[in-house]
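Read the structure below first, then the notes.
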């Protein structure tokens, strides 16, 4: 029997002033909102419809889950639920149907289906996988779920700091961990400027 793989994309309802607030401080609320809408749609277009995995949008706020105009067409939607980022990331790891789970954000412009496939491949021989980000955090985390996912995996993590990955790895004692490729997300004006340059080169 084929094991189902699950890709979870963490998304926030794209409303002006409510998304990419760190980026908005540098470039303004409307450009930040436009970037987020573009990034979310492009992420789903590139990797959300790949038949090698089942894609889910993990949505916040919960009340917007049925606001169809806000979300890309295709993936199933689930609620992120209450709590900080750690509990909201842990929820699909514990509640989705059986099979390995890989979780990413929606603001990683260079992510591809090959990137996700590499992470799932790593989970064939490891219990956990991380995709490091250039800022010290991580753009991807996954668990094979062949054994129980540690309930404290995301405890005491200093999110949005250069210590986020190191803090999470401290919670991985006794767990085999793989690392996949390093990528950049877009959190501030400098990140945004670099992203714009890549678009111009592609154009």
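Read-outs: derived from the displayed coordinates by stated rules, not from any lab. Just so you know, these numbers come straight off a predicted model, no measurement behind them. When we count neighbours, we look across all protein chains shown, and the Cβ atoms used for this are built from the backbone with ideal geometry, even at glycine.
Using just the Cα positions, wrap region 117-203 in a convex hull and report its mean projected area in square nanometres, one decimal place. Working shown, then result.
Values: hull surface 25.6 nm².
Hull-based average projected area comes out at 6.4 nm².
If you count the DSSP beta bridges with both ends in the chain, what percent of them are antiparallel, to the nearest 5?
30
With n ≥ 4 as the cut-off for DSSP H runs, can you work out [θ] at 222 nm for the chain, using -39500 (n - 2.57) per run divided by the number of residues, rounded to the nearest 500?
Details: 6 runs with 64 residues, N = 203.
Result for the chain: -9500 deg cm²/dmol, rounded to the nearest 500.
Using alpha carbons only, how many degrees (0 to 90, rounded to 10) separate the axis of helix 113-122 from the longest principal axis of the chain?
20
May I ask you to derive the FRET efficiency for residue 190 and residue 95 from their Cβ-Cβ distance with R0 = 30 Å, giving the value to the nearest 0.05? Show your work: numbers first, answer last.
Working: r = 37 Å, r/R0 = 1.22.
Calculated value: 0.25.
Could you state the principal axis extents of the C-alpha atoms in region 6-195, from the largest down, to the nearest angstrom?
Cα spread of region 6-195 along its principal axes, largest to smallest: 45, 33, 32 Å.
Multiplying the sequence separation of residue 175 and residue 160 by 0.36 nm and subtracting their Cα-Cα distance, what value in nm do you get? Write down the numbers at each step before the final one.
Details: separation 15, 0.36 × 15 = 5.40 nm, distance 2.40 nm.
3.0 nm is the gain from fully extending residue 175 to residue 160.
What is region 42-106 by shape, rounded, prolate or oblate, if you read a ≥ b ≥ c off the alpha carbon gyration tensor as root eigenvalues and call it rounded for a/c under 1.5, prolate for a/b larger than b/c, and oblate otherwise?
Oblate, because a/c is 1.5 or more while a/b does not exceed b/c.
Would you calculate the separation in nanometres between label points at residue 54 and residue 110, each defined as 7 Å from the Cα along the Cα-to-beta-carbon direction?
3.2
Pairs of Cα atoms under 8 Å, at least six residues apart: use those to get the relative contact order of the chain, whole percent.
In percent, rounded to a whole number, it is 22.
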